[in-house]
Amino acid sequence: MQNIIPLEQDNYYHIYNCGINGENLFRDEENYEYFLRLYDKHITPIADTYAWCLMKNHFHLLIKIKNLTGFENLSGFKKIKPPHQYFSNLFNAYSKAINKRYNRHGSLFERPFKRKGIDSKEYLQTVVVYIHNNPVHHGFVNNAADWPWSSYATCISSEPTKLKRKEVIEMFDGMDNFKYVHQQKMELIEVERFFDT
């Protein structure tokens with residue numbers, strides 16, 4: 001039986017999951033866009049995002065659960081639920097929309113969604129690079145910059161964003177090193193010591 005770790009305030013997590021039985025989660029461009037809109041609605045209020053990548057049949061997120069202590073008593077603020085519930089709400093809302101759009105039934109995502117706590121700067125850097133290079137590892141592109149459905153382009157951009165871009169670039173001691181590290185061949189064996197995918 002899988003040991004499910006709780007999502008706790010002020011902690012970093014690698015959240016990832018795939019379509020049930022390897023089924024595609026994203027069939028066309030509007031699916032990716034809709035998932036990101038739902039993500040902003042459900043997750044941005046309770047977590048900061050440091051990296052993300054959406055693939056056809058799976059996704060990866062690097063988040064830090066916000067400290068919302070004290071907000072639960074503010075007038076007009078909804079009762080705060082456990083963080084995992086916000087992710088469940090995201091996946092349920094997306095699944096319902098996909099089921100309706102493509103005339104399908106049942107679950108879309110594997111359950112429960114996978115999560116790994118991150119407890120060191122080295123691990124944090126590794127997860128950022130792994131997430132951005134996921135399309136490279138799977139042979140869809142040759143360079144992380146070529147995949148349109150990840151936060152890599154946002155990291156190297158100067159456009160306004162909710163992504164914790166400044167903090168991510170600082171993890172790598174600047175933009176030049178951020179780009180350099182992402183261009184290096186990452187050994188999957190080295191990465192897998194941190195988490196199973």
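Here, each number is a calculation from the coordinates, and none is a lab measurement. Please read these numbers as outputs of a predicted model, since none were measured by experiment. Here the Cβ positions follow ideal geometry from the backbone for every residue, glycine too, while neighbour counts run over all protein chains shown.
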Inset, instruction - Using only Cα atoms, figure out Rg for the stretch 1-138 and give it as a multiple of 2.2 N^0.38 Å. - result: 1.08
Legend entry - LYS96 paired with ILE156, simple spin-label distance in nm, labels 7 Å along Cα-to-beta-carbon: 3.9 nm
Inset, instruction - Over the chain, calculate the relative contact order: mean separation of alpha carbon pairs under 8 Å at least 6 apart, over the residue count, as a percent. - result: 27 percent
Legend entry - Positive-end extreme of charge dipole, the chain - chosen from CYS53, HIS132, TYR94 (charges on Cβ): TYR94
Inset, instruction - Have a look at PRO45, PRO112, PRO160 and tell me which one the Gaussian network model of the chain (Cα, springs below 10 Å) gives the largest fluctuation. - result: PRO160
Legend entry - Under the Karplus curve 6.51 cos²θ - 1.76 cosθ + 1.60, θ = phi - 60°, whole-Hz ³J(HN,Hα) for the stretch 33-47, x wherever Gly or Pro sits: 4, 5, 4, 5, 5, 5, 4, 4, 5, 8, 9, 3, x, 10, 8
Legend entry - For the chain, built as a Gaussian network whose Cα springs stay under 10 Å, the top-fluctuating residue of LEU54, LEU38, LEU62: LEU38
Inset, instruction - Return the single residue from TYR50, TYR123, TYR86 with maximal mean-square fluctuation; model: Gaussian network over the chain, springs between Cα atoms under 10 Å. - result: TYR123
Inset, instruction - Excluding residues fewer than 8 places away in the same chain, name every one of the lysines whose C-alpha is closer than 21 Å to that of LYS162. - result: LYS41, LYS64, LYS66, LYS179
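Residues with beta-carbon under 11 Å from that of SER151, excluding SER151: net charge, scoring Lys, Arg +1 and Asp, Glu -1?
That works out to +3.
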Inset, instruction - Please state the charge dipole magnitude for the stretch 12-192, taken about the Cα centre, from unit charges on C-beta atoms (+1 on K and R, -1 on D and E), reported in debye and rounded to the nearest 20. - result: 920 debye
